[in-house]
1. Is it the case, given these coordinates, that residue 165 is on the phi < 0 side of the Ramachandran plot and modelled with pLDDT of 95 or more?
2. Which residues, taken from region 303-346, are open to solvent by 10 Å² or more (accessible area, probe 1.4 Å), small (Gly, Ala, Ser) and either free of Cβ contacts under 8 Å to residues at least 12 places away in the same chain or within 14 Å of residue 256 (Cα to Cα) (or both)?
3. Any residue in region 202-215 that is under 28 Å from residue 25 (Cα atoms) and among the aliphatic types (A, V, I, L, M)?
4. In region 156-185, what count of residues is obtained for those that are open to solvent by less than 60 Å² (accessible area, probe 1.4 Å), assigned to a loop (DSSP other than H, G, I, E, B) and without any contact (Cβ under 8 Å) to a residue 40 or more places away in the chain?
5. Within region 37-56, identify whether any single residue is charged (D, E, K, R) and within 16 Å of residue 170 (Cβ to Cβ), and answer yes or no.
6. Restricted to region 189-223, and to residues that are of a type in the set (Val, Ile, Thr), open to solvent by 20 Å² or more (accessible area, probe 1.4 Å) and within 27 Å of the chain's Cα centre (by Cα), which residue is nearest to residue 267 (Cα to Cα)?
7. Tell me which of these residue 240 doesn't satisfy, since it passes every other one: (1) of a type in the set (Asp, Glu); (2) open to solvent by 40 Å² or more (accessible area, probe 1.4 Å); (3) under 30 Å from residue 191 (Cβ atoms).
Amino acid sequence: MPRESSGSSGESGLRRNYAIDISTLPDERLEALVSDWLGHRAKHYYSRERWSGPGDMGRDVVGYVTAARHEGDWDNYQCKQLSTRLSETAAFVELGKIFMHTANGEYRLPRAYYFVAPRGVVRNVKGFIAHPERFRQAFLDRWDTQIASALVENSTIALSDGIRAAIGNFDFTQVHVLDSVGLADDAAMQPVLVQWFGADPGPAPRGIVPDAVVPEEAAYLGQLVELYGERDGSAFAGPDAVLKHATWGGHLRTQRTRYFEAAAFDRYYRDSTPPEFLVAFKDDVYHGVVDVYGDSHRDGLDRVNKVMTQAAQVPASGVLGTHAGPAVKQGTCHHFANDGLMPWKK
């Protein structure tokens with residue numbers, strides 16, 4: 001998806017206000033942004049779908065909780081990009097559509113309903129949301145006078161038994177408002193802000209090296225242990241034996257530091273940027289070192305050291321490149337060895 005604009009900060013280095021960017025998106029772009037955001041809330045939803053446009057039946061963006069989709073739990077995100085705050089009448093009409101279509105058998109009641117209104121809602125709507133049972137009763141009291149004639153053009157939708165049942169069965173505690181500030185501040189929105197507005201996710205935290213060797217290190221460490229043995233002329237029993245060695249212990253500790261620097265970098269940007277950003281970064285590192293890796297070397301350990309020297313100098317493009325220091329790029333090569341892409345022991 002193309003970015004809406006570029007740059008990660010405003011004038012004089014101030015942090016850019018992405019809530020303002022969200023509040024100026026056209027209707028369809030707001031729906032697309034919300035859909036992208038739900039795509040990054042993987043722990044909440046099985047999948048998501050846009051229903052916007054004619055015939056959407058009161059749904060703009062839907063988050064399905066299970067593979068049953070509309071036959072299981074689902075959340076509705078009704079996007080209202082307005083020049084002012086969402087009005088009381090609009091709130092009743094939009095949510096009223098859900099009750100009407102539920103009564104018609106189009107879908108089951110949503111688990112939760114979100115008014116996505118970048119400029120917020122009027123005070124009375126906040127008041128109803130804060131008092132769920134008062135909100136429920138207001139639907140029954142106002143249906144005939146304020147809602148019935150506003151749901152379908154040139155029609156009046158009577159408060160049928162089915163609609164009355166839908167209002168009675170809906171969990172009004174699960175009506176929420178998301179304004180532009182709430183959207184921009186949500187953790188799952190970070191990769192969307194990066195992709196849409198060129199936001200800078202900032203630097204990754206430093207890697208933490210555990211005292212004891214952990215299973216995720218097994219592959220590349222096992223390869224290095226063999227190379228140390230070849231260079232030393234005597235096989236080592238395992239990483240712990242190397243770490244105690246006067247010559248190679250310090251060298252291996254450095255490699256572990258690099259590995260965990262890259263691991264922390266990977267975890268942070270996996271969550272805070274679109275997936276293709278990490279792919280591009282790793283491609284840059286791989287193509288920057290693979291020729292050195294493939295050259296003839298004195299032995300395997302010499303190959304490791306030459307690749308480490310080269311990796312430190314590899315230019316990486318994009319926002320991730322600006323945050324990747326030498327240790328991250330060097331550690332990424334150990335991850336390649338771990339994954340079998342570029343094994344140290346050939």
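1. yes
2. Listed by number, the list holds a single entry, 327.
3. No - not one qualifying residue is present in region 202-215.
4. Total meeting the criteria: 1.
5. Scanning region 37-56, I find no residue that is charged (D, E, K, R) and within 16 Å of residue 170 (Cβ to Cβ), so the answer is no.
6. Going through the qualifying residues, I end up with 208.
7. Against the list (1) of a type in the set (Asp, Glu); (2) open to solvent by 40 Å² or more (accessible area, probe 1.4 Å); (3) under 30 Å from residue 191 (Cβ atoms), residue 240 comes up short only on (3).
The values are calculated or read from the model by the stated rules, or taken from the named source; none is laboratory data. These numbers come from a predicted model, not from an experiment. No Cβ is skipped: glycine too gets one built from the backbone with ideal geometry, and neighbour counts run over all protein chains shown. Areas reflect the complete protein model, heavy atoms only, side chains present, ligands, DNA and RNA absent. Shrake-Rupley method; radii C 1.70, N 1.55, O 1.52, S 1.80 Å.
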